[in-house]
Structure formats: C-alpha cells, structure tokens
Amino acid sequence: MTALTRPAVVAPLLAAAALVLHPALRTEAWLPERDAVLAALLLFVTIALALRAAFVPRRLAPALLAAGALLVVGAVGADGVRGHRGTLSLVPGQAPSHFDEVGPEGRSLGLRPLGFTIGLDRSMPGAALALVLPGENETVVLTPGRAVSSGGFRFGSPRVVLTGAAARLRVGISGGGEDVTVDVVPGRPARAGDLTIALEEYFPDFALDDRRQPFTRSREPRNPAALLTVNSPQGTFRVFVLRAMPGVHRVEALDRAFALRAVEPEVAAEIQVHREPFAAVALLGALLALAGVVLDRGTP
C-alpha cells in the first residue's frame, strides 16, 4: 500500500492529469472519456497522498502533498460545477459578447454572456489570430500553442474557417476610353465615375442546377461569381460577373464591360472558451504538492 504513495508514483499521475487538462492538446477530440480519466487520476492521487500523510505522521512533506492534492481535486470539481466552456465565433468587423456554451457531454447549453466584447482584427499565418480585447491598447495574438486570458475567461485552440461570403470583390470596369478597378465591399458600394456598384449576391463556387438556377457547390472560392447592382444616370442595371470569364459581361446601355478580377473570401475564427474561477486554488494546490515532493525526496 505504501509503495503506491511514493512521490515517484504520485508525481507522474499529477503530470498526466495536467496534460489531460491542457487546452493545447485538445484531449476532448481524441479522448472521449476525458472527464472520467481525469477524475480517476485525481481521486487516486488524493487517496494515495492522504494515506501517505497517515502513515508518516508528524512530517511536513506528506501533509503538504495531501493538502495540495485536496486543493487541486476540490478546485477541479468546483470548476466543473461553476465553470463554463464553449465556442466563440468571430468575424472581422463584429464584436460579440456571447459564446456558445456546451455541457460536460458536449450538449449545447445556448448562449453564455462574456460580460465584455471581443473582436477579431485579422487572421494570421499558422491559424494565429490578432484579437481586440478590453483594456488592451494593442491587439493580442492568439496561437494554437498559446492561450490568452481576459475577464476571467481563457481563449485557446483557434481555428480559421471560410464563411462562404466575400469580404471584398475586385471588379474591373472597361470601356468608354477607360479601364479602372474598384473594390466592392458588402454593404459598402463602390464608385467609379458616375457609376455606383454594389454587391447583391455572391457565389463562391458558382454552378447551375437542373432548373438553370444559380447556386454554390461549396464555401471554397473555386469558381467565384457575383451579381452586382450598378446605378448610373442611364438607370439601374443588374450585372452578373464570373471570374472564369473576364471581360465578357457587357452592358450596352452603359458602353461598359465588367469583370470579376479577384475575391477576398470572408473568414471566421472559432475559439475555445473556458472559464475556471477556481484555477488559482488549483495552482496553489499544485504548488503545495510540488513543495511536498521537494521536501519528501529523501523519505524512504
């Protein structure tokens, strides 16, 4: 019995529990029984250290180990009851103040308020994100290997996904002795001389169905196309542009040809959100346990 309570056995168990908890490892994905494994590890450690404290009376090291384990287990259990976790979806230009909370079994619990707003400034190589957080004068970089904290919440495990919308269209206009290029942003029409060009509908992967109706086959910009609304002194025109066929979309009344020259797809970021109000208690317990291990190194 006492062999199981040695620090050389208990310390690896604590390390394994820390690895299971670490957000960068995403243990929820490849370890379905993550919570059960964590509970078993921590329960075994707590029992082992309590036994060691009982078998080695009047020594500080076993008492520190047992107290630290109790604090860690208690804090983890309290966080399981009072803590929150879920997914936050971010699109540039938006500043959400809620995230989609999930329960212990992955069941959706609806929206949970953060108590503040968080914004996405831009996405960066390697799935990194530049976030706008309250109280920060500069953007804070979140990477798959580095979580950030704000307002009692921890944000980690970022993932960038395509929304199927366009952040910006580069439209070429030729004819009438000129050739210009304008950037059309959804909800923000562009001007080119006496023309105003607005985006009406965007198709990232344009195709026609059996009834010859347009649709998109995917969110990937494999065959982008767009329906534009062009306002001019001669009237309003609807112009269809397809990047695979540049320069053939001509409006005779305007003596202009329109081309879709480039597309900047809109991306969204998904971030894992965790709130663990008793994390400081767990850290204190881990430090006490570590102190106990250091003091108990010479104990047979």
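When the range 117-135 is filtered for residues that are at pLDDT 85 or above and not in a strand (DSSP E or B), the ones remaining, listed by number, are Thr117, Ile118, Leu133, Pro134. Scanning for something within 37 Å of the chain's Cα centre (by Cα) and among the hydroxyl-bearing types (Ser, Thr, Tyr), does the range 191-210 turn up at least one residue? Yes, the conditions are met somewhere in the range 191-210. Of the listed requirements (1) free of Cβ contacts under 8 Å to residues at least 12 places away in the same chain; (2) on the phi > 0 side of the Ramachandran plot; (3) open to solvent by 40 Å² or more (accessible area, probe 1.4 Å), Gly115 misses just one: (1).
Screening Arg168 on (1) open to solvent by 80 Å² or more (accessible area, probe 1.4 Å); (2) part of a strand (DSSP E or B); (3) free of Cβ contacts under 8 Å to residues at least 40 places away in the same chain shows it passes everything except condition (3).
The values are calculated or read from the model by the stated rules, or taken from the named source; none is laboratory data. None of these values were measured; they are calculated from a predicted model. Every residue, glycine as well, gets a Cβ built from its backbone with ideal geometry; the counts of neighbours run over all protein chains shown. Only protein heavy atoms, including side chains, enter the accessible area calculation; ligands, DNA and RNA are left aside. Shrake-Rupley method; radii C 1.70, N 1.55, O 1.52, S 1.80 Å.
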